[in-house]
Amino acid sequence: MAVKLKPIDQQIIVITGATSGNGLATARAAVARGAAVVLAARNEVALERIARDLRAQGGRVAICRADVAIEADVERIADVAIDAFGGFDSWVNNAAAATYGKVDKVTMADHRRVFDVNYFGLLKGSLVAAAHLRARGGAIINVGSVLSDRSSILQGPYSATKHAVKAATDALRMELAEEGAPVSVTLIKPSAIHTPYPEHARNYMDEPPRLPPILYDPRLVADAILFAAEHPRRQLYVGFFGYLISLGGRFAPGITDVLMTKWGRRLQTDADQPPDLAIADNLYEPRQDGAVDGHQDYHVRSSSWWLEAQKHPLAATAATAAAGAVALFAWSAARKRREAQDA
């Protein structure tokens, strides 16, 4: 059965990890475009504040306090969507947890916790969403990472979960296609995004963590997510720099290892910008929340031509061909002028 996705303004969208970063950016963008949203996260105070703000703008919002590492909580998110709006059309698995530090320094309990949130929470969300969407159609959108393709030094557990997320997403996509289910399954692969991610992560290093440059705006991830809610896509990268890291891991893994070993720690620590203790380390318990952008002060790119090229591949190909034709014409004209001068 062909996958037909509704326009955003006709959709009910479930978003996990909705109280900060990419999830909050997606919630705001979805409401601005007319969607109804079901926002899920652990921080009930932040959920209520965000819902109040969005409703004041005319948004249709339901909230569900939930820890995606708990299967019953994930099932309850779907129940809230059904009770509030009669169901949902897109389910965005965005909730995530992270650590910074060498693999052998992170406790086994913390390794498991990162997997419980990032992999098992996403897997349970995907299965709950698929069960609901098989009958009505819709989209499952999983937020992975460029680290789904290439592991990073000092982010071993997070990288491992994102590799697992990619594998599970690909398997689910194929199995739903085999059934003929009208469900799109998309993996979003952000580069380093300027969210509170490093502040929220549990830190095993001596210095405060940071995200490695180049950083991109979380609203670009929201744009990719909402695009996938309307247009079936296998995957979407956000930010060309992250895509280059993926390519490096694929075609030059040894060189990428050397570069990450040499520069990885320096690019992921910042002694001058420690995290606010009110938001630091939310691995097991929610902390102060409600910000889209990270608190550390860095240059952030607000556009991604690579994302636009993936969203509109034919236009990008035509533009590239046109640019090439112009360059060829200019080169040919310059060559003729030189030949005329020499004659």
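Any read-out appearing in this document is the output of simple, stated calculations on the displayed coordinates, not a laboratory observation. This is a predicted model, so every value here is computed, not measured. Virtual Cβ from ideal backbone geometry, glycine too; neighbours counted across all protein chains shown.
If you take just the helices (runs of 4 or more DSSP H) that sit entirely in region 191-293, which of them hold at least 3 residues that are in contact with a Ser or Thr (Cβ under 7 Å, 6 or more places away or on another chain)? Steps first, answer last, please.
On the way: elements: 197-200, 218-230, 240-251, 253-267.
Output list reads 218-230, 240-251.
If you scan region 16-59, which residues turn out to be of a type in the set (D, E, K, R) and farther than 26 Å from residue 123 by Cβ?
Within region 16-59, the subset of a type in the set (D, E, K, R) is 28, 33, 42, 44, 48-49, 52-53, 55.
Correct list: 28, 33, 48, 49, 52, 53, 55.
For region 215-234, name all the residues that are farther than 21 Å from residue 170 by Cα and not aliphatic (A, V, I, L, M).
216, 217, 218, 219, 223
Just name the residue that is nearest to residue 208 (Cα to Cα) out of those in region 259-272 that are surrounded by 11 or more Cβ atoms within 10 Å (Cβ to Cβ) and among the hydrophobic types (A, V, I, L, M, F, W, C).
267
Among the listed residues 17, 34, 59, 21, which satisfies the condition of being at positive phi and surrounded by fewer than 23 Cβ atoms within 10 Å (Cβ to Cβ)? Outline the logic, then answer.
Numbers: 17 fails: surrounded by fewer than 23 Cβ atoms within 10 Å (Cβ to Cβ); 59 fails: at positive phi; 21 fails: surrounded by fewer than 23 Cβ atoms within 10 Å (Cβ to Cβ).
After ruling out the rest, the residue left standing is 34.
Restricting to region 142-171, name every residue that is in contact with a Leu (Cβ under 7 Å, 6 or more places away or on another chain), within 19 Å of residue 263 (Cα to Cα) and not in a helix (DSSP H, G or I).
155
What are the residues in region 133-150 that are touching a residue at least 12 places away in the same chain (Cβ under 8 Å) and surrounded by fewer than 19 Cβ atoms within 10 Å (Cβ to Cβ), if any? Give the steps one after another, and end with the answer.
Step one: of region 133-150, the residues touching a residue at least 12 places away in the same chain (Cβ under 8 Å) are 133-134, 136-150.
Scanning region 133-150 gives 134, 136, 137.
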